[in-house]
Amino acid sequence: LNEDVLFLDDIIREKVDVVIEHDMLYLVNNTELILKKINNVIKPNGLFIRIVDKRDPNGIYNNLMKIVNVELLNIDKKPHIIRGIDSNLLINFYLSKMGIKTKKIDISSWYEKVNINEYFEMIRNKQFPYLQYSSDVAINNVIDNVKNKLVSMNLADRDYFLDKIDCFCLVSKFE
């Protein structure tokens, strides 16, 4: 079943054994409401399985994104809502409020080759939703600051960098 999660309890007529989610919940505005809807459609002892791919918080990619976000805050003088950063902590908090325990199961880790020019194009083209509200001047300043960081990391003359990604499941058992 591949449907709009907001209508989950309208779509599913019978309760299910398992609900699987992959990188979706961090995009919704009302996470707690969605978890309640999942609770309505899952059988007792059913499983809610979240598949998560997460970059190393201390990796190059996330360090560069921190520069992007701090620089935009300094230039635009307003905070940017960045969903996805530690959203699993919030989801686990809501589940625990509902009395549901969650365990983490590691699946794999790998290194992704991140093309530096493609990274800059992604920022320049405002591919993250929160970048849509930033001016082109702000975006160009951000790119300049990220380039300076790459110089300080001795990466300025490279075409790419490697960034570690961990994949794991968060399994919640609904009693």
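Here P(r) over Cα pairs in 5 Å bins from 0, in percent was computed from the coordinates, and among (i) 1, 7, 14, 16, 15, 13, 11, 10, 7, 3, 1, 0; (ii) 2, 7, 11, 12, 13, 11, 10, 8, 7, 6, 5, 4, 2, 1, 0, 0; (iii) 1, 8, 16, 19, 18, 15, 11, 7, 3, 0 the match is (i). In order along region 142-159, phi translates into HN-Hα couplings of 4, 4, 4, 5, 5, 4, 4, 5, 4, 4, 5, 9, 6, 10, 5, 8, 9, 8 Hz, rounded to whole numbers, per the Karplus curve 6.51 cos²θ - 1.76 cosθ + 1.60 with θ = phi - 60° and x for Gly and Pro.
Looking at this model, which pairs from LYS54/LYS97; LYS66/LYS97; LYS97/LYS126; LYS104/LYS149 are more than 27 angstrom apart at the alpha-carbon?
LYS66/LYS97; LYS97/LYS126; LYS104/LYS149, as the Cα separations exceed 27 Å there.
Between the amide H of VAL19 and those of LEU47, PHE48, ILE49, distances stay under 5 Å, these residues lying 5 or more places away or on another chain, with hydrogens modeled in the peptide plane. GNM on the chain, alpha-carbon springs under 10 angstrom: the most fluctuating residue among MET65, MET98, MET153 is MET153. Just to be sure I follow the definition: excluding the sites themselves, where is the longest run in the chain that has none of the trypsin sites (Lys or Arg not before Pro) in a DSSP loop with at most 14 other Cβ atoms within 10 Å? Answer - 16-76. Near the amide H of ILE100, within less than 5 Å, lie no amide hydrogens of residues on another chain or at least 5 residues away, with H placed in the peptide plane. Can you tell me the FRET efficiency between ASN148 and LEU47 if r is taken as the Cβ-Cβ distance and R0 is 45 Å, rounded to the nearest 0.05? Given R0 = 45 Å and the Cβ-Cβ separation, E is 0.45. Note on ASN74 and GLN132: their simple-model spin labels are 2.7 nm apart, each label 7 Å out from Cα toward Cβ. For LYS103 and LEU89, the difference between the fully extended length at 0.36 nm per residue and the C-alpha to C-alpha distance is 3.8 nm.
Each Lys and Arg Cβ is given +1 and each Asp and Glu Cβ -1; about its Cα centre, the chain then shows a dipole of about 540 debye.
Only DSSP H runs of four or more residues enter the estimate; each adds -39500 (n - 2.57), and after division by the residues of the chain the mean residue ellipticity at 222 nm equals -12000 deg cm²/dmol. For region 47-158, the share of accessible area belonging to carbon and sulfur comes to 52 percent (1.4 Å probe, ligands and nucleic acids excluded). Sequence-ordered 3J(HN,Hα) estimates for region 50-64 from the Karplus curve with 6.51, -1.76 and 1.60 and θ = phi - 60° stand at 10, 9, 10, 10, 10, 6, 4, x, 9, x, 4, 4, 5, 5, 5 Hz, glycine and proline given as x.
The values are calculated or read from the model by the stated rules, or taken from the named source; none is laboratory data. Since this is a predicted model, take the numbers as computed values, not measurements. Using ideal geometry, Cβ is built from the backbone for each residue, glycine included, and neighbour counts are taken over all protein chains shown. Quick note on the areas: whole protein, heavy atoms, side chains included, nothing else; ligands and nucleic acids left out. Shrake-Rupley method; radii C 1.70, N 1.55, O 1.52, S 1.80 Å.
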